[in-house]
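Notes follow the structure.
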Amino acid sequence: MITNQILQKTIEGMNAITKVNFVVTDPEGISLASTVSDVTEFGRPAAEFAQSPAESQVIGGRQFFKVYDEKSLEFVLITMSDDEDRAQMMGKVMALQLSELVVAYKERFDRDNFIKNLLLDNLLLVDIYNRAKKLHIEANAMRIVMVVKLEGEKYGDELEKIRNLFSGFSSDFVTAVDEDSIIIVKRLATEDYADVEDTAKTIIDALEDREDEKVRVSYGTVVRDIKDVSRSYKEATMALDVGKVFFSDKQIIAYSVLGIGRLIYQLPIPLCKMFIGEIFGDKSPDEFDEETLTTIDKFFENSLNVSETSRQLYIHRNTLVYRLDKIQKSTGLDLRKFDDAITFKIAMMVVEYMKYMEEQDF
């Protein structure tokens, strides 16, 4: 569970302070980390020491120690120095530190495993509360799930970077269920989505060295019971999926802003085609020119206000009315009427969804 990189950093730090050299091997004598360049001579004596009943031993002037994970032998630690007493003392200190690391990383692994199963709905309700209590995770607290989607090439350090961002918050969890996404279960002090938005921006800034490789962050809604964390996760993943269709220009997308898009995203394609046929007949929505589409978007943006729309488009009010009349003749929908405007808006979103799904098939 402890990576060789962590072991190497640990013994290098102790070596810099004490000037004692360290070698860490597995019970078979295979070197995992070392502050000396040549470790070939330590393999056999480490493996033989691992099989012996001794907990510590001096072999060839070097101090050997055993490090356990509960009752299972995890590492063999070897220390060496011109001062044998110093080597022995520092060996005891380092063996204790490695034992504490084993415990800490095992607990981290257990908590990470619990969170993954919680997100994926792999736990019974009674197991959720029992395991949360055992792992000292508060059951009743405000939490939200955030998903970081990594598009393009993966550099391999993204998960560790995000973990470092949240390392000072023991109630937050950072994990991954696939190689393309990083999941954060964040503890909240208040139900303030502005704080969540700021956190999302911080995450994107931390991964800005990915250059052209896009990073997208989504988040679900706030939940107050640990059993509902999976719901927030499902909302966050849906926000990612729906966001790719209707909010492709945004790097941060919240489930709460998806609106009708989340309903359209779940419609079967045959039903979508039938609906579009009923609205536009034999005409294709693609036949609208850029000027017409810009007019429609601006008209919707200004809540069907003719005066404000004409002002922002720098055109005469009568020109805008003419364009709206032209759309009405083409589609039978008068966008100045709320019901017709809603129908048209939904139809255009359905067309956008159908285009996206067609692109996925290629």
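The values are calculated or read from the model by the stated rules, or taken from the named source; none is laboratory data. Just so we're clear, the structure is a prediction, and the values are computed from it rather than from any experiment. Glycine gets a Cβ as well: all are built from the backbone with ideal geometry, and neighbour counts include every protein chain shown. Each accessible area value is taken on the protein alone, full model and side chains, heavy atoms only, with ligands, DNA and RNA left out. Shrake-Rupley method; radii C 1.70, N 1.55, O 1.52, S 1.80 Å.
Remarks
- Matching residues in the stretch 299-329 - criterion: being open to solvent by less than 50 Å² (accessible area, probe 1.4 Å) and under 29 Å from Q266 (Cβ atoms): F299, F300, L304, I327
- Members of the stretch 136-163 that are modelled with pLDDT of 85 or more, over 11 Å from the mean Cα position of the chain (by Cα) and open to solvent by less than 50 Å² (accessible area, probe 1.4 Å): I137, A139, A141, M142, R143, I144
- Look at the stretch 172-193: where a residue is within 19 Å of V215 (Cα to Cα) and a partner is open to solvent by 30 Å² or more (accessible area, probe 1.4 Å) and in a strand (DSSP E or B), sitting 6+ places away or on another chain with Cβ atoms under 9 Å, you get D180/K149; S181/K149; I182/K149; I183/V177.
- Here K133 fulfils each of the conditions (1) open to solvent by less than 80 Å² (accessible area, probe 1.4 Å); (2) within 30 Å of S72 (Cβ to Cβ); (3) modelled with pLDDT of 85 or more apart from (1).
- Just one of the numbered conditions (1) over 14 Å from I144 (Cβ atoms); (2) buried (at least 17 other Cβ atoms within 10 Å of the Cβ) is not true of S230: (1).
- The residue of the stretch 244-257 that is surrounded by the fewest Cβ atoms within 10 Å (Cβ to Cβ), among those that are over 16 Å from the mean Cα position of the chain (by Cα) and part of a helix (DSSP H, G or I), is S256.
- Just one of (1) in contact (Cβ under 8 Å) with a residue 12 or more places away in the chain; (2) surrounded by 12 or more Cβ atoms within 10 Å (Cβ to Cβ) fails for Q57. It is (1).
- Screening I128 with (1) at pLDDT below 90; (2) open to solvent by less than 20 Å² (accessible area, probe 1.4 Å) gives one miss only, at (1).
Yes or no, residue by residue, for (1) on the phi < 0 side of the Ramachandran plot; (2) surrounded by fewer than 13 Cβ atoms within 10 Å (Cβ to Cβ); (3) over 11 Å from the mean Cα position of the chain (by Cα):
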{"residue": "F169", "(1), (2), (3)": "yes, yes, yes"}
{"residue": "E179", "(1), (2), (3)": "yes, yes, no"}
{"residue": "T190", "(1), (2), (3)": "yes, yes, yes"}
{"residue": "D198", "(1), (2), (3)": "yes, yes, yes"}
{"residue": "L207", "(1), (2), (3)": "yes, no, yes"}
{"residue": "V223", "(1), (2), (3)": "yes, no, yes"}
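- Just one residue in the set T294, T331 is of a type in the set (S, T, N, Q), closer than 16 Å to M348 by Cβ and within 41 Å of the chain's Cα centre (by Cα); that residue is T294.
- Tally, over the stretch 209-221, of residues that are assigned to a helix (DSSP H, G or I) and open to solvent by 40 Å² or more (accessible area, probe 1.4 Å): 1
- Restricting the stretch 1-54 to residues that are small (G, A, S), in a helix (DSSP H, G or I) and out of contact with any Lys or Arg (no Cβ under 9 Å at 6 or more places or on another chain), the residue that is surrounded by the most Cβ atoms within 10 Å (Cβ to Cβ): A46
- Failed item in (1) free of Cβ contacts under 8 Å to residues at least 40 places away in the same chain; (2) more than 44 Å from the chain's Cα centre (by Cα), with S81 passing the rest: (1)
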